[in-house]
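Notes to accompany the following structure.
The values are calculated or read from the model by the stated rules, or taken from the named source; none is laboratory data. Here the structure is a predicted model, which is why all the values come from computation and not from measurement. Note that each Cβ is placed from the backbone with ideal geometry, even for glycine, and that neighbours are counted across all protein chains shown. Heavy atoms of the whole protein, side chains included, go into the accessibility calculation; ligands, DNA and RNA do not. Shrake-Rupley method; radii C 1.70, N 1.55, O 1.52, S 1.80 Å.
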Amino acid sequence: MELSMENLLDSLQQCLNEVARLNALQDPPSTPFKSKYSARQLLVEFKNRLLPLLSADEQEAETAIWETQGFDMFSKPSNSSISSQRALLAFAKIHHAVGTNYIDTEEHSLGERHLSRAVEIFKSCGTVENVQCLCELQDCYNQLGLVWSNRDQSEKGLQYLTEAASLYTDRCGKSESLPLRSEQLYTVTCFYLAQAYSNLQCSEQSAYYCAVTLKRQVENDTVDRKEWAVNCAGLAQLHLSSKSFAQALYLFSAALALLPSSCEEQMATIHRQLGQYYLSVLKTSVEVQSGLAGSSVCTLAIERVVFPSLSIDWVDVTFATTFEQARELFKKGNSWFQKAAKYFILEGFVTEHISILQDQSTLYKYLVYFESDEGRLLAMHKRRVELLSPLLKELSPFAYVATFRDIAFEVAEINHELLDIKLADRLKRAAQPLTSKDVQRINQYGLSGLEALELFLRTFEKGGKPPLEVDDELLQWYLTARFNRARIYSKLLDPEPEGRIKFLRNTMDEYRFIRDYADSHLAQITRTQVMPEELKICREMVDLIPVKMNHILRGTL
């Protein structure tokens, strides 16, 4: 049937309905876009039937767009008659449908060309005020914003998305009841705006639009609960990083409330994130008590987004000032980590499992700050060792070298802490004779620390020998390990002079190694500025330790 102004709209709608039906079909993997190509052919055929209804100038402009592949700038439609303008609007809808089709088939440049043309026609024909064209124009702006953002040109993408947002808010300001489709498209706009601002490192704006998106989605009964929960937990992480603790906890709770129980991995991930939440609150409590928190307390309870339909209570968060309060934070965090660890087992989730154990160890580390009882201090540090030390036997130092180093270094630090606690206790009882049992009980922690440091240092060896040079980014870590080994050796006890001299000789060997490395790598030491104070100590100790050893041999020390 030949098109006329009278049957134009009905024919166009029939065409678009068939296009929508074809787009909904699921094609086999071998021909994934077969139905979409068929839909495109229908649109091209309708375009050919529509072309005679345009003026000569408009036909020329449209022909250039469709046939010139290198066409970048589009001619604006000339002043048209009312009937011709109706045909132009039909063309705008065709351009919108074809542009969307090209985007769906991953031909983004051609898609962007047709969507841009659709925008020009809609705006030039004065249809911005037309509610019927509002949705098409919103969708064009959304898709153009996404195309440019995906080209790593988020600023240009942001311009289109801002236009889409303004289009919606301007119509809302006129107190009109907008179509449901328009509301849905504005939710998409907010989602893309959150991504664009995130790409531009504008975290405040990104968080705002992410919150708006989630709030609008949760009011829609057709929301994808799994996707919504994951995004909500992501927003919670963002607020947690800025120490907006009450808001973060609310969002984590909302994510758990909506996440289907069948989504086990996502559930375990949120459990782990909640453990990290309580770890962060406990850490900040320590910073507040020690005067290192700065202005973090300012964002503690700021309420930015709530979801009334979920009926989740807002819980105010307070920092711990006593051991009892700190222990409650610890227990909650540890409970969430334990739940997460039931899913993220070592076999299959190596990285996640180890991270959970390290976070549990860190929970104990910050709880220690509030504890003064020696017995409980020892118990907490020992628990940290029990969590981490088995990993040194289970992990390959070659397959997981960075993780293995992390764990070995931390195990050494914990044992060093235990050694210092036992030495402090021994100092209180200095008047009592030093027994072999005392030596064994105290030295066991130092020896365990040395063993862990040996495992750490071996990962740097070349052919069983210390490296000739360590990479700049690892140098501080490596030399600190050798410095700590010297310190542990210097603290080990032995009632016999020969044993004390042996420990001191080992101490001097470590200090001498650090000194010699620095002297033979002056350019690297100058460039990296590593351990300036420790290097001074090493040089001094290499001179002083022989004097101390002589005093021991003469029995004067």
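Of note:
- Test: residue in segment 227-238 that is over 15 Å from the mean Cα position of the chain (by Cα) and not small (Gly, Ala, Ser): yes
- The residue list LEU447, LEU453 contains one member that is open to solvent by 70 Å² or more (accessible area, probe 1.4 Å) and in contact (Cβ under 8 Å) with a residue 12 or more places away in the chain, which is LEU447.
- Against the criterion of being modelled with pLDDT of 95 or more, over 14 Å from VAL281 (Cα atoms) and out of contact with any Leu (no Cβ under 6 Å at 6 or more places or on another chain), GLN325 does not qualify.
Table: residues versus (1) open to solvent by 20 Å² or more (accessible area, probe 1.4 Å); (2) part of a helix (DSSP H, G or I); (3) farther than 21 Å from SER355 by Cβ; (4) touching a residue at least 12 places away in the same chain (Cβ under 8 Å).
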| site | (1), (2), (3), (4) |
| --- | --- |
| VAL230 | yes, yes, no, yes |
| ALA246 | no, yes, yes, yes |
| ALA268 | no, yes, no, yes |
| HIS271 | yes, yes, no, yes |
| TYR278 | yes, yes, no, yes |
| LEU282 | no, yes, no, yes |
| GLU287 | yes, yes, yes, no |
| GLY291 | yes, no, yes, no |
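Rundown of residues vs (1) of a type in the set (Gly, Ala, Ser); (2) under 25 Å from LEU137 (Cα atoms), yes/no style:
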| residue | (1), (2) |
| --- | --- |
| CYS190 | no, yes |
| ASN199 | no, yes |
| TYR209 | no, yes |
| ASP224 | no, no |
| ALA229 | yes, no |
| GLN237 | no, no |
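- Residues of segment 532-540 include none that is more than 47 Å from the chain's Cα centre (by Cα) and among the charged types (D, E, K, R).
- Selection status of ALA452, outside any helix (DSSP H, G or I) and closer than 30 Å to GLU496 by Cβ: no
- Of the residues making up segment 384-416, those that are of a type in the set (Asp, Glu) and crowded, with 20+ Cβ neighbours inside 10 Å number 1.
Residue by residue, here is whether (1) in a helix (DSSP H, G or I); (2) without any contact (Cβ under 8 Å) to a residue 12 or more places away in the chain; (3) of a type in the set (Lys, Arg); (4) in contact with a Pro (Cβ under 6 Å, 6 or more places away or on another chain) holds:
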residue	(1), (2), (3), (4)
GLU473	yes, yes, no, no
TRP477	yes, no, no, no
ARG500	yes, no, yes, no
MET508	yes, no, no, no
ARG512	yes, no, yes, no
ILE525	yes, yes, no, no
MET541	yes, no, no, no
ILE545	yes, no, no, no
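- When every residue of segment 441-449 is checked against the conditions, none turns out to be over 23 Å from PHE503 (Cα atoms) and among the β-branched types (Val, Ile, Thr).
- Unique match (being under 24 Å from GLU534 (Cβ atoms), surrounded by fewer than 15 Cβ atoms within 10 Å (Cβ to Cβ) and more than 37 Å from the chain's Cα centre (by Cα)) among LYS465, LYS428: LYS465
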